[in-house]
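Just so it is clear, none of the values below were taken in a lab; they were calculated from the coordinates. Predicted model only: the values in this text are computed from it and were never measured. Cβ sites come from the backbone with ideal geometry, for glycine too, and all protein chains shown count toward neighbours.
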Amino acid sequence: MRIELEKRAKVSALFSILSPFIAFALTIVFGGIMFALLGKNPVAALYSFFVEPLSEVWSLHELAIKAAPLILIGVGLSVCFRSNNWNIGAEGQFIMGAIAGSILPVVFYDWQSPLVLPLMLVLGMIGGALFAAIPAFLKAHMNTNEILTSLMLVYVAQLFLDWLVRGPWRNPQGMNFPETRTFGADAILPEMIASGRTHWGFAFAIIAALAVWFMMRYTLRGFEITVLGQSERAGRFAGFSSRKMIWFSMLFSGALAGLAGISEVSGAIQQLRPVISPGYGFTAIIVAFLGRLNPLGIIAAGLVLALTYLGGEAAQLSIGVSDKVTRVFQGLLLFFVLSCDTLIHYRIRLVRERFAALKADEAH
Amino acid sequence: MPVKGQIASGRLLAVSNLTKLFGSFAACNAINLQIESGEIHALLGENGAGKSTLVKMLFGVLAPTAGEISWMGDNVRITSPGEARKLGIGMVFQHFSLFEALTVAENIALSMDRSISLARVAEEASRLSRVYGLPLDPNAHVADLSVGERQRIEIVRALLQNPQLIILDEPTSVLTPQEADRLFETLLKLKAEGRSVLYISHRLEEVQRLCDRATVLRHGKVTGACDPRAETPASLARMMVGNDVAVVTPEGTNTKGDVQLEARHLSVAARTPFAVSLKDVSLKVRAGEVLAIAGVAGNGQSELFDALSGEYPVSDDNAVQIRQKPVGTRNINARRLMGAGFVPEERHGHAAVSSLSLSDNLVLARNQSDRRVFLGGGFLKIIRQGAIKAAAKRISEAMDVRKSGEDPPAGSLSGGNLQKFIVGRELDRQPAVLVVNQPTWGVDAGAASRIRQALVDLAKAGSAVLVISQDLDEIFEVATEIAVISEGRLSDPYPARELSREKIGLLMGGMHGKTEGAGAEHAH
Ligand SMILES: Nc1ncnc2c1ncn2[C@@H]1O[C@H](COP(=O)(O)OP(=O)(O)OP(=O)(O)O)[C@@H](O)[C@H]1O
Ligand SMILES: [Mg+2]
């Protein structure tokens, strides 16, 4: 017996909706198997991974804090991916946004004014966008593959941050720890609700998602993104420029990643350290696809992936497995999302060899 | 090896009550059809009659909603192209399915059993292509090949499976007359071997030349069967359309106005290694004129279209002029805003995006020229769905576009119906200048005459119309002036009345008379 993929005559509407759910279910099943192989009770382990973090108010706040950058970046990436531009370097743009936004509280720490925070956010967006401008320029004018350039620039950003916090920006009163000074009160993104730590970054994420949803659904710009993603030639006929779209989508997603970076630093960490992200920029790629590149779907997917971070921390404490399981779950999820998408375009068929062989004999 | 196909009755395929519903719309409605061994059978019908849908069911691409297919006397269910191939059915689709980056042999191997080596596929393919007179180089890359050569790959690919029945869906709509002649020789050879051919075409002359029997479809039903040789093109067309096809009434009393579209010494270097460069092309179209550009495909037609439309602007602003203003460096929307409209040759992925609805495809061409009506919300540029849907409806009605549903995706329309929509999309604006590349390929006789009449009427109403076409009948029906393009050079224009087919033939061969003068010997 053998399995064959057969192209559907029409895209399956059912599986377009079902595929993320099937992927999530398969992830749970394989996660359970993994826990069993590690010698843990799979049900208890899955419970402490996926359910426990949702049972307390403070951990719901943690969920929102982790979801905020994922959604913000994921929404920007959806614009890129829909227009056929493959920005894989959001992690680097996140870091550069955080660095650019931190110029005020770290270098000009004396300056106190209500303007500091808004300026920091703007600088964060500019920083992320400028860093994304590098692969955009290379693609638009040198025909370089943006997947490679944007990815490699992540390492540049990480090492640059590392150098900054160990060198020029190290806190002079910090006993030689590789950290900047902690931000002043004016430079801190405040909490949104009284009950916990959730800062305004979460609101930014939701607003960005709604705005992009509106753009994609109702405006000419959204139409342009869709058309250029489907056919460059038809886009040219419509008078749209794919070169301008490279710039727009890369700068836009870079700016949102930068905003996520400065929000995270200013709202959650409140200083720069050698590592400020547990891979948000990469995880957001999974978020974008799990959300079907639809901004509303991305809100939901961002919450799911945020849960894998919390679950990893919880599982480390309560059942004593490494927090690397977070990465495993994220990897499983991406793998299953992409493979379940096959079902949208293909039908799976079991072919019985014996029967086929018989038929072949008959033909001779 | 006894071939199972040699059966006494001679009946190869019989279809009874075959029906295909898309939603509640019957694309094929209780079709009955028989194909005998060794015949070339024509399937005729206007755009959207259900021809492609019917043959897709025979080839296992679409599942029938009801009805039966019997193959060599046995009832069969064909659920995939693989199964159809195993039975002995081969197909060449209306739109090709080849990978441009792969070689001819690799493309062929993709549809074969994986156990066969590439070398054997290549060997077998070149043997077949020799036997059937379809020259092919198995190691050539598809991207480098002309449309005719690509089609040969599809045919050889179908032949490799040793089929008893070969289905061809509009094979000649993209071929030059010479390529078409060669295809007919191949088909007659296949027939002589006792194989059958199911042949879909809108060109009634070639159906008469080639086919033994014809079945006519209209609105998804069989409306008649005949011996095409006993009919005239006019009577065949009547069977298809249900009434007489209107004869295009040309020019008459066109009053010629100012020059509206002009190219001045337009030279464009080839953009890709497979493109043709334009060499010093000059032309003028006045209001009230239809200038037709004849020529064999691949002689610079699409490059000329790109330069005139502004999809690829040129460096010399004066080289292209619309309504006597230089626009060479302006983009397509700037030219549309000056009153020009454009209809490219390729429907899917150029003039239209298949996955988007018709109304979205209207926005595609008119998002700037009609922005006052179609866009709202100031700088947000919100698309006004209501206004656009109404306009799409108006266009569909004016052009008699047959579709399933109010606003279906462009890809679900039959080829000819999509073409009607794309032409109608521009006519609806009453453009002062219209540039059309191959206005009626794949369009049935009735619709083609409607499109041609619309072009003639547009010129009469005072617009300048430029038609690029390979079809000489079409050119003589619509043109007031004719010029010929060959290897990127354009001949001088001649009044249509003064030009004979022979003269055009000579010009196509590159003998540009006075324009090239002493250079004429280059051509040989
Ligand atoms: N996938 C689909 N979904 C909905 N409607 C469809 C689909 N495919 C075809 N149709 C409709 O079925 C009808 C018949 O289409 P078909 O492609 O068979 O026409 P055709 O006879 O081949 O026309 P043409 O000569 O223009 O190629 C058309 O009205 C078309 O809109
Ligand atoms: Mg068809």
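Just list whichever of B:K56/B:K403; A:K7/B:K389; A:K10/B:K20; A:K7/B:K56 have alpha carbons separated by over 22 Å in the model shown. List each step's numbers first, then the result.
Values: B:K56/B:K403 18 Å; A:K7/B:K389 32 Å; A:K10/B:K20 15 Å; A:K7/B:K56 14 Å.
Long pairs (Cα-Cα over 22 Å): A:K7/B:K389.
Only four residue types carry charge here, +1 at the Cβ of Lys and Arg and -1 at the Cβ of Asp and Glu. Report the dipole size of chain B about the Cα centre in Debye, rounded to the nearest 20.
1300 debye
Among B:H202, B:H219, B:H350, A:H141, which comes first, second and so on when ranked by fewest other beta-carbon atoms within 10 Å?
Fewest-to-most Cβ neighbours within 10 Å comes out as A:H141, B:H219, B:H350, B:H202.
B:G48's amide H: which non-local residues (gap 5+, or another chain) put their own amide H closer than 5 Å, with H modeled 1.01 Å from N in plane and none for Pro or chain starts?
B:G416, B:N417
Counting only C-alpha contacts under 8 Å and six or more residues apart, can you give the relative contact order of chain A as a whole percent?
So the answer I get is 35 percent.
Considering only C-alpha atoms, what is the centroid distance from the range A:293-333 to the range A:1-66, in Å?
If we compute the Cα centre of each part, the gap is 10 Å.
Enumerate by residue number the trypsin sites (Lys or Arg not before Pro) in the range A:1-110 meeting two conditions: DSSP loop (anything except H, G, I, E, B), and at most 14 other Cβ atoms within 10 Å of the site's Cβ. Each step should come with its number before you reach the end.
On the way: sites: A:R2, A:K7, A:R8, A:K10, A:K40, A:K66, A:R82; in loops: A:R8, A:K10, A:K40.
When the trypsin sites (Lys or Arg not before Pro) of the range A:1-110 are filtered for loop state and at most 14 Cβ neighbours within 10 Å, A:R8, A:K10 remain.
Mind checking which of B:A180, B:S449, B:L160 is farthest towards the positive end of chain B's charge dipole, using Cβ charges of +1 (Lys, Arg) and -1 (Asp, Glu) about the Cα centre?
So the residue furthest toward the plus end is B:S449.
Would you pull out the residues with amide H under 5 Å of B:S486's amide H, same chain only if 5 or more places away, H placed 1.01 Å from N?
For B:S486, the qualifying residues are B:S491.
Over the whole of B:364-371, what's the average partner chain Cβ count within 10 Å per residue? Rounded to a whole number, please.
Average neighbour count from other chains, rounded to a whole number: 3.
Taking 0.36 nm per residue of separation and subtracting the Cα-Cα distance, what length does fully extending B:A225 through B:R394 add?
My answer for the length gained is 57.3 nm.
Pop out the ³J(HN,Hα) list for the range B:100-116 in order, Karplus 6.51 cos²θ - 1.76 cosθ + 1.60 with θ = phi - 60°, rounded to Hz; leave Gly and Pro as x.
5, 7, 9, 7, 4, 5, 4, 4, 5, 4, 4, 9, 9, 4, 5, 6, 8
Which of A:T180, A:T219, A:T149 ends up with the largest GNM mean-square fluctuation for chain A, with Cα atoms connected below 10 Å?
Highest fluctuation of the listed residues: A:T219.
Give a quick list of chymotrypsin sites (Phe, Trp or Tyr not before Pro) in the range B:89-174 that DSSP marks as loop, anything other than H, G, I, E or B, with at most 12 other Cβ atoms within 10 Å.
Counting only loop positions with at most 12 other Cβ atoms within 10 Å, the chymotrypsin sites (Phe, Trp or Tyr not before Pro) in the range B:89-174 are B:F99.
Quick check on the exposure proxy: order A:M245, B:M239, A:M152 from fewest to most C-beta atoms within 10 angstrom.
A:M152, B:M239, A:M245
Output wanted: per-residue J couplings in Hz (rounded whole) for the range B:136-144, from phi through Karplus 6.51 cos²θ - 1.76 cosθ + 1.60, θ = phi - 60°, x for Gly and Pro.
8, 9, x, 9, 6, 7, 4, 4, 7
With +1 on each Lys and Arg Cβ and -1 on each Asp and Glu Cβ, how big is the dipole of the range A:199-255 about its Cα centre, in debye rounded to the nearest 20?
So the dipole magnitude of the range A:199-255 works out to roughly 160 debye.
Whole angstrom only: what separates the Cα centroid of the range A:125-150 from the Cα centroid of the range B:449-513?
Using only Cα atoms, the two centres lie 48 Å from each other.
So, in Å, what gap is there between the alpha-carbon centers of the range B:130-192 and the range B:51-115?
Using only Cα atoms, the two centres lie 16 Å from each other.
Please report the antiparallel percentage of the DSSP beta bridges confined to the protein assembly as shown, to the nearest 5.
55 percent
Within chain B, which is the longest segment containing none of the trypsin sites (Lys or Arg not before Pro) that sit in a DSSP loop and have at most 10 other Cβ atoms within 10 Å?
B:115-513
Please report the relative contact order for chain B, taking Cα pairs under 8 Å with a sequence separation of at least 6, and give it as a percent rounded to a whole number.
Dividing the mean separation by the residue count of chain B yields 15 percent.
Can you list residues from other chains, or at least 5 along the same chain, whose modelled amide H is less than 5 Å from the amide H of B:L13?
B:I35, B:M72
Dipole of the protein assembly as shown (Lys/Arg Cβ +1, Asp/Glu Cβ -1, origin at the Cα centre): which of A:F223, B:L499, B:L87 lies farthest to the positive side?
A:F223
Mind checking the dipole of chain A: about its Cα centre, +1 per Lys or Arg Cβ, -1 per Asp or Glu Cβ, Debye to the nearest 20? It would help to have the intermediate numbers written out before the result.
Numbers: 27 positive and 21 negative charges, 227 e Å.
I would put it at about 1080 debye.
Stretched out fully, how many nm does the piece from B:N32 to B:V373 gain, at 0.36 nm a residue minus the Cα gap?
Length gained between B:N32 and B:V373: 118.0 nm.
Ranked by Cβ crowding within 10 angstrom, fewest neighbours first, how are B:C226, B:C211, A:C80 ordered?
Values: B:C226 16, B:C211 23, A:C80 28.
Placing the least packed residue first, the sequence is B:C226, B:C211, A:C80.
Using a Gaussian network for chain A with springs between C-alpha atoms less than 10 Å apart, which of these wobbles most: A:V75, A:V328, A:V265?
For chain A, modelled as a Gaussian network with Cα springs under 10 Å, the answer is A:V328.
Find me the longest stretch of chain B that has none of the exposed GluC sites (Glu not before Pro), where exposed means in a DSSP loop (not H, G, I, E or B) with at most 13 other Cβ atoms within 10 Å. Write out the running numbers ahead of the final one.
Values: sites that count: B:E100, B:E193, B:E406.
Of all site-free stretches, the longest is B:194-405.
Determine the calculated [θ] at 222 nm for chain A from helices alone, applying -39500 (n - 2.57) to every DSSP H run no shorter than 4 residues and normalising by the residue count; nearest 500 deg cm²/dmol.
Values: 15 runs with 246 residues, N = 364.
Computed mean residue ellipticity for chain A: -22500 deg cm²/dmol.
If we count every other residue with Cβ under 10 angstrom of A:R170's Cβ, Lys/Arg +1 and Asp/Glu -1, where does the sum land?
+1
In whole Hz, what ³J(HN,Hα) sequence does the range A:269-277 give by Karplus (6.51, -1.76, 1.60; θ = phi - 60°), x for Gly and Pro?
With coefficients 6.51, -1.76 and 1.60, one gets 9, 6, 6, 9, 10, x, 10, 10, 9 Hz.
Summing Lys, Arg as +1 and Asp, Glu as -1, what charge do residues with Cβ under 15 Å from the Cβ of A:L317 carry, A:L317 excluded? Please report the intermediate quantities before stating the final value.
Numbers: positive: A:K40, A:K324; negative: A:E52, A:E56, A:E62, A:E313, A:D323.
Summing Lys and Arg as +1 and Asp and Glu as -1 gives -3.
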